[in-house]
Amino acid sequence: MGHTNLLQQKTFFRMTKEEISLLHLLQLGLSGKIKESVIDIKYDIDWHSVYALALRQGITAILLDAISKLPNEARPSKPMLLQWIGQTTMIERIYAKHQEQIRELAGLYKLHGIRMLLLKGYGCSLCYPKPEHRPTGDIDVYLFGKKDEADDLVEKCLGIKVHREYHKHSTYNYGGVEVENHAKFIDDVSHKSNIRFESILMAVLDKEECLKSPIDNVLIPSPTFNALFLLRHTGEHFASNEITLRQVLDVGTFFQRYHSKIDWALVFKVYKEERMLRFFNAIATICVEYLGIDAACFASEDKQYSYQSDTALADRILSDIFEKKDVLPMSTAGIDTIGKKLKYAIDKSRRWWHNRWKYQLVYNESLVESFWWLARNRMKVE
């Protein structure tokens, strides 16, 4: 199957020069190979704009890897480069801190016979060329039905207050990092179809053996589980408001590493039944045609199951990724007046209507059903 790298073509969907430059450099950072397309554009880059864009997309350190492969005359100015190195050094330090915190928590849980399954985050980083260059956020943990026991341990042994109000997971602050102990993998309060998807994930978890990580007592989900979970998680962020290129990379680098170990028949069955196949095709298209990941990574070895290039949808999603958006709070907590709460409700409703095309790519339910289910359950929760 032949695939044309769209960055080598002259037509772009209203991308700025900086956005095109960023994608070229991202390819270089991921592959380690200098391509003519990178050399052609490098002499006229607004590095301050590219840096700001990289920050927003969560790929600053990966682009520094690309810059290190450029000729000296093509690199940013020394002050700009020092700023870039400083930001990357901070990302590396935070990553190292996260590793140590995960190791400490895993040790505590092991003493009490609790296995620790890491979701997203650190597990995703292991698929990157340089794991320490993937920015880390919170630590998401699943504890195989022992969440409440783990919460009690944290409070008793570490003296840390655990907040247990949220139905999906509890939260606590460990050394300045938020940790989430999950009871569920996805949020069934927001979408009815998530109830069915959660049961699918649980069935795969029970059936397939988890992978060991470099850290003792820390497991990573099986490739088949992550082929379902990572795409759904990315889709949920996409539908609710936005995703970044880093989240696309989480999906792309995962398939790049584990495509030969996935139960493709099961994954495609779920994608089709849950109406996620078009979203998978579009994300895979971005990875192949804009990020330079091999198309074979998004197909079974016998090619019986393979993504189908969807350039139009990929371009629409990539355009949405680059678009700046207003950030709304997750809930009305902290909003103190009726007027502000009303404005928040109106803004949320407008965003929901604006994003209706996204919901149809991720959830196997009608817009009316989505709105009714969310409103009904939010009233119960609040």
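Please work out if D151 is touching a Lys or Arg at 6+ places or on another chain (Cβ under 7 Å) and crowded, with 18+ Cβ neighbours inside 10 Å.
Answer is yes for this residue.
I need every pair where a residue in the range 268-280 that is outside any helix (DSSP H, G or I) has its Cβ under 6 Å from the Cβ of a residue that is surrounded by fewer than 22 Cβ atoms within 10 Å (Cβ to Cβ), sequence separation at least 6 or different chains.
Close Cβ pairs satisfying both conditions: E274/N364; R275/N364.
Let me spell it out: the conditions are (1) over 26 Å from L277 (Cβ atoms); (2) outside the structural domain of L118 (by TED's automatic domain parsing); (3) among the polar types (S, T, N, Q), and N226 meets all of them except one. Which number is the exception?
(1)
For a quick check of your reading of the model, give me the residue pairs whose first member lies in the range 150-165 and is closer than 15 Å to K110 by Cα, whose second is hydroxyl-bearing (S, T, Y), with beta-carbon atoms closer than 6 Å and at least 6 apart or on different chains.
Matching pairs, first to second residue: D151/S170; V154/Y172.
Residue-by-condition table, conditions (1) of a type in the set (S, T, Y); (2) surrounded by 13 or more Cβ atoms within 10 Å (Cβ to Cβ); (3) modelled with pLDDT of 95 or more:
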residue: L158; (1), (2), (3): no, yes, no
residue: V162; (1), (2), (3): no, yes, no
residue: E165; (1), (2), (3): no, no, no
residue: S170; (1), (2), (3): yes, yes, no
residue: N173; (1), (2), (3): no, yes, no
residue: H182; (1), (2), (3): no, yes, no
residue: S193; (1), (2), (3): yes, yes, no
residue: R196; (1), (2), (3): no, yes, no
residue: L205; (1), (2), (3): no, yes, yes
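Taking A295 as the residue in question, decide whether it is small (G, A, S), buried (at least 18 other Cβ atoms within 10 Å of the Cβ) and outside the structural domain of Q27 (by TED's automatic domain parsing).
On the way: small (G, A, S): yes; buried (at least 18 other Cβ atoms within 10 Å of the Cβ): no; outside the structural domain of Q27 (by TED's automatic domain parsing): yes.
So A295 does not fit the description; no.
Can D188 be described as farther than 28 Å from C297 by Cβ, part of a helix (DSSP H, G or I) and out of contact with any strand residue (DSSP E or B) (no Cβ under 8 Å at 6 or more places or on another chain)? Steps first, answer last, please.
Working: farther than 28 Å from C297 by Cβ: yes; part of a helix (DSSP H, G or I): no; out of contact with any strand residue (DSSP E or B) (no Cβ under 8 Å at 6 or more places or on another chain): yes.
Criteria not met by D188.
So the check is Cβ under 7 Å with 6+ separation or different chains; which pairs have a first residue in the range 63-92 that's part of a helix (DSSP H, G or I) and a second one that's of a type in the set (K, R) and surrounded by 12 or more Cβ atoms within 10 Å (Cβ to Cβ)?
D65/K130; I67/R75; A74/K42; L81/R75
Which numbered condition in (1) loosely packed, with under 15 Cβ neighbours inside 10 Å; (2) in a helix (DSSP H, G or I); (3) of a type in the set (D, E, K, R); (4) modelled with pLDDT under 95 is the only one that K110 fails?
Unmet for K110, out of (1) loosely packed, with under 15 Cβ neighbours inside 10 Å; (2) in a helix (DSSP H, G or I); (3) of a type in the set (D, E, K, R); (4) modelled with pLDDT under 95: (4).
Keeping to the range 122-141, report how many residues are surrounded by fewer than 19 Cβ atoms within 10 Å (Cβ to Cβ) and more than 19 Å from Q87 (Cβ to Cβ).
Residues flagged as surrounded by fewer than 19 Cβ atoms within 10 Å (Cβ to Cβ) and more than 19 Å from Q87 (Cβ to Cβ) within the range 122-141 amount to 2.
Any idea which of I200, I215 is under 21 Å from the mean Cα position of the chain (by Cα) and outside the structural domain of F255 (by TED's automatic domain parsing)? Break it down into steps so the answer makes sense when it comes.
Details: I215 fails: under 21 Å from the mean Cα position of the chain (by Cα).
After ruling out the rest, the residue left standing is I200.
Say whether the condition of being outside the structural domain of G252 (by TED's automatic domain parsing) and within 20 Å of the chain's Cα centre (by Cα) is met by at least one residue in the range 153-170. If you could, list the steps in order and put the result at the bottom.
Step one: of the range 153-170, the residues outside the structural domain of G252 (by TED's automatic domain parsing) are 153-170.
Those still in the list that are within 20 Å of the chain's Cα centre (by Cα) too: 168-169.
Yes, the range 153-170 contains at least one residue that is outside the structural domain of G252 (by TED's automatic domain parsing) and within 20 Å of the chain's Cα centre (by Cα).
The values are calculated or read from the model by the stated rules, or taken from the named source; none is laboratory data. Just so you know, these numbers come straight off a predicted model, no measurement behind them. No Cβ is skipped: glycine too gets one built from the backbone with ideal geometry, and neighbour counts run over all protein chains shown.
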